[in-house]
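Take a look at the structure set out below.
The values are calculated or read from the model by the stated rules, or taken from the named source; none is laboratory data. Worth saying up front: this structure is predicted, and the values here are computed from it rather than measured. Note that each Cβ is placed from the backbone with ideal geometry, even for glycine, and that neighbours are counted across all protein chains shown. Note: areas computed on protein heavy atoms with side chains; ligands, DNA, RNA excluded. Shrake-Rupley method; radii C 1.70, N 1.55, O 1.52, S 1.80 Å.
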Amino acid sequence: MKKGFKISFLILMLVVMCTGCDAIHASSNRDIRHSGFAISGSELECKDLYKNNDYDKVKFLTGSHVIMESGVVYSLSISQKYSNDQHCMISPLKEEVVALFDENIVKLKNGKYYYLVRSGENAAYTQVPSKDANYMIYDVILKSNDVLKVKTVDANAGKYYVLKSDGNVYNYVLNKNFNSAKIVSTPVVYSKSNYGGDIRDFNYMGNATGTFVKTDTEYFRMMPTNREECSKYVDVTCQFEMHLDEGLTKHRNKILGFSGTYLITTYGKQFNATA
């Protein structure tokens, strides 16, 4: 009888403890959901990533990788664990990553370019050869040491958004031919003066909620200004503007990484954008 009581008591304590953990972060989970994200049923298990977060913050997050402020890169596998029994594993890149291009190309501290993911016959984490069809694009933009992140806006028109170390995002317009590329203009597209401080990260997906600008203190996201009408009527087009996301901003210290469509919290919860 005593043994049965002890087992029941232990089970009850475990339930209370788990419920308490969820209750601690209930406000964060709720506000992130209200910002248009659905919580995943699974948690991200990555001891190295959370341990490093004490002194090495996440700089950029993609759907398959985490790039830390130190330049260390972790690969992510959300659905299946690696052989280390974690959802992340440190990449074999020996040099620090200093810039990211479209979530699949990185520039290392030594100035060389590497694939983050497989590209055709080229394996992940191998050097980008000069014969790559886009090598001249990577080189003309990434060779500048003040470039941190690049997103392709319209490859056919030669338009790329570029985050630089001065805290602004520029619209690089390139003139391309068969064997060369030249930057012809670089107007500012997202100015730090409009966002209250240096821009640390951004994403561009056109008029979609995956487009965002992040500073040290705030998250801004592309939001429909007529959400109720355009979601209700088929003949009403959604009108988008960049607005402060109060929910994400309020809980910014609990956001480990954010890609625009994917979010990881410091307590392991994963969220995916619902729109």
Residue among Ser191, Ser79, Ser28 with the largest mean-square fluctuation in a Gaussian network model of the chain, springs linking Cα atoms under 10 Å: Ser79
Leu76 long-range amide H proximity, modeled H, under 5 Å: His65, Val66
Debye log10 I(q)/I(0) for the range 211-275, one point scatterer per Cα, at q = 0.14 Å⁻¹: -0.48
Residue of Thr225, Thr209, Thr186 that the Gaussian network model of the chain assigns the largest fluctuation, springs spanning Cα pairs under 10 Å: Thr225
1.4 Å probe accessible area per residue over the range 79-216, in Å²: 52
Of the chymotrypsin sites (Phe, Trp or Tyr not before Pro) in the range 239-274, those whose Cβ has at most 16 other Cβ within 10 Å and which sit in DSSP loop: Tyr267
Dipole magnitude of the chain about its Cα centre (Cβ charges: Lys, Arg +1; Asp, Glu -1), debye to nearest 20: 560
Gained length - Ala38 relative to Arg252, 0.36 nm times residue gap less alpha-carbon distance: 75.3 nm
Whether the range 189-237 is rounded, prolate or oblate, judged on the alpha carbon gyration tensor where a/c under 1.5 counts as rounded: prolate
Low-density loop cleavage sites - chymotrypsin sites (Phe, Trp or Tyr not before Pro) in the range 132-179, where at most 10 other Cβ are within 10 Å (DSSP): Phe178
Shape of the range 149-251, Cα gyration tensor, a/c cut at 1.5: oblate
Protein accessible area in the range 183-229, 1.4 Å probe - carbon and sulfur %: 45
Contour minus Cα-Cα distance for Asp102 and Glu45 (0.36 nm per residue): 18.0 nm
Convex hull of Cα atoms in the chain, direction-averaged projection (nm²): 19.2
Residue among Gly247, Thr211, Asn175 farthest towards the positive dipole end of the range 162-247, charges placed on Cβ: Asn175
Restricting the range 74-150 to trypsin sites (Lys or Arg not before Pro) in coil, as DSSP defines it, with at most 10 other Cβ within 10 Å: Lys94, Lys131
